[in-house]
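> To start, I am sharing the structure in question, which I have written as structure tokens.
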Amino acid sequence: MTEDPRLAAARYRMERLAEEEGAAGEGSAAPTEHATRADAGSRGRPASDASDDPARRPTSAERAAYVETAIQQAIRRGDFDDLPGAGKPIPGLGRGHDPDWWIRRKIESEKLTGLGPPALTLRVEDAELDARLDALAGEDDVREAVADFNRRVKLARMQLLGGPPVVTPLRDVEAEVQGWAERRAERARAAASAAAPAEPRRRWWRRR
């Protein structure tokens, strides 16, 4: 079974934090341990008792073991069951770095329209353009909608209102019309197939 990437990421962050804290405390931990052993020896106490001192700083290995134990206990309790997005690919994985990712995600999740810089609103509109074209009734309407989209993309590329650069590509009008017609025909075939009556079953009787 593949490990949940979120668990792996949490474990990795805790291990790195433990390593960084351990590296920062190595300089001061060694003299303290040495002094503890010397003090224990001077009072006749075995040096090994220093490991039981509650004031002793835990090592990075001990912290990592504690974190691993806590994660395993949480898994057994089911704390990570049915989390949002479990078993699904991470959204946006593999894309290039987008400094405005949080604005784009907010617009997409809240279904906001007309808000934000054109570079972001056009990106959202580009992702939903096919569905908007499928709602149109004729080829002329499709051509007009695509031409209007391209016009607004060109205007946004001029950066008259500022904002992030526009990376939304232009759409080929004739290619979009062809795609619209193919999707329309496919929906018509699916509807006709669903409406067709089922073929009656043939019964074969065995003669005695």
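> What is the sum of charges around Asp141, taking Lys and Arg as +1, Asp and Glu as -1, for the other residues whose C-beta is under 15 Å from the C-beta of Asp141?
That works out to -3.
> If I take every Cα pair under 8 Å that is 6 or more residues apart in the stretch 136-192, average their sequence separation and divide by the length, what percent do I get for the relative contact order? Could you put the intermediate results ahead of the total?
On the way: 25 pairs, mean separation 22.8, N = 57.
Rounded, it is 40 percent for the stretch 136-192.
> Once phi is turned into ³J(HN,Hα) by the Karplus curve 6.51 cos²θ - 1.76 cosθ + 1.60 with θ = phi - 60°, what whole-Hz value does each residue of the stretch 124-129 show in order, with x for glycine and proline?
Computed from phi, the couplings for the stretch 124-129 are 5, 5, 5, 5, 9, 5 Hz.
> If packing is taken as the average count of other Cβ atoms within 10 Å, what order do 166-175, 73-82, 188-197 fall into, highest mean first?
166-175, 73-82, 188-197
Read-outs throughout are calculated quantities, based only on the coordinates presented, and are distinct from any laboratory measurement. All figures in this text were calculated on a predicted structure; none of them were measured in a lab. Heads up, the Cβs are rebuilt from the backbone with ideal geometry, glycines too, and the neighbour counts pull from every protein chain shown.
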